[in-house]
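Novice: Here it is: the structure, laid out below.
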Amino acid sequence: MSPTQLSDVFFQHEEDLFRFLVRRIKCAFTARDLTQELFLKISSQEDTSHIQNQKAYVFRMAANLATDYLRVQENRAEILEEAIGIMSGGMDYRDAERVMIAKQELARLAEALAELPLISRKVFLLTRFGRKTQQQIATDLGISTSSLEAHIRKVLDHLSAVRDI
């Protein structure tokens, strides 16, 4: 079987795959991004001769992508919780209201970040916490630097709007 045949199976079931991912991760924007990522993985496979049931294989790949995505989100939540703990550790515990407000604001910003498309979140996190230049990140993600900058602006505008609410 050629990668083209596997791509054909993907296109036959693209909407079913999208709905499957939406049910798994509960976010249509992210599900659309993962559907595109799934196609890229399928089209880059060279040896597909071992695949007996093409449809099951494609859906298993989608399930694995969803699982990986959810695992990363869970890890981020744990890191965020740890950061909150570290940040609140240096505060005066008599001022419980300030601690609570800071935690709520941080949680609200984390939720706002999760609302954005996967590519925008990747760009934001890589530019803020990665050790690469914007040019290197753009090359790694296969986008132009102007597109990368647009994603950064989009994230910052969204986070700013949420913070002002």
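Novice: Percentage of Cα-Cα pair distances in the chain greater than 21 Å, rounded to whole percent?
Specialist: Counting pairs separated by more than 21 Å, the tail of P(r) holds 59 percent.
Novice: Taking only Cα atoms of the range 116-165, what ratio of Rg to Rh do you get with Rh as the Kirkwood inverse-distance radius?
Specialist: Working: Rg = 10.9 Å, Rh = 11.0 Å.
Rounded to two decimals, Rg/Rh equals 1.00.
Novice: Continuing with this model, one more query. Could you pull out every one of the lysines with an alpha carbon less than 27 Å from that of Lys154, ignoring same-chain neighbours closer than 8 positions?
Specialist: Hits, sequence-local ones excluded: Lys26, Lys41, Lys103, Lys122, Lys132.
Novice: Cut-off 14 Å, label point 7 angstrom out along Cα-to-Cβ of Ile79: give me the residues of the range 132-165 whose amide nitrogen falls inside.
Specialist: 132
Novice: Which value at 222 nm does the chain reach when only helices count, each DSSP H run of 4 or more adding -39,500 (n - 2.57), with the total divided by all residues and rounded to the nearest 500 deg cm²/dmol? Intermediate results must be reported in sequence, preceding the final value.
Specialist: Details: 8 runs with 135 residues, N = 165.
It lands at -27500 deg cm²/dmol.
Novice: Still on this structure: How far apart, in nm, are the 7 Å Cα→Cβ label points at Ser43 and Ala28?
Specialist: 2.4
Every number here is computed from the coordinates shown, using simple stated rules; none is lab data. From a predicted model like this one, the values you see are computed outputs, not experimental measurements. So basically every Cβ, Gly included, is an ideal-geometry build from the backbone, and we count neighbours across all protein chains shown.
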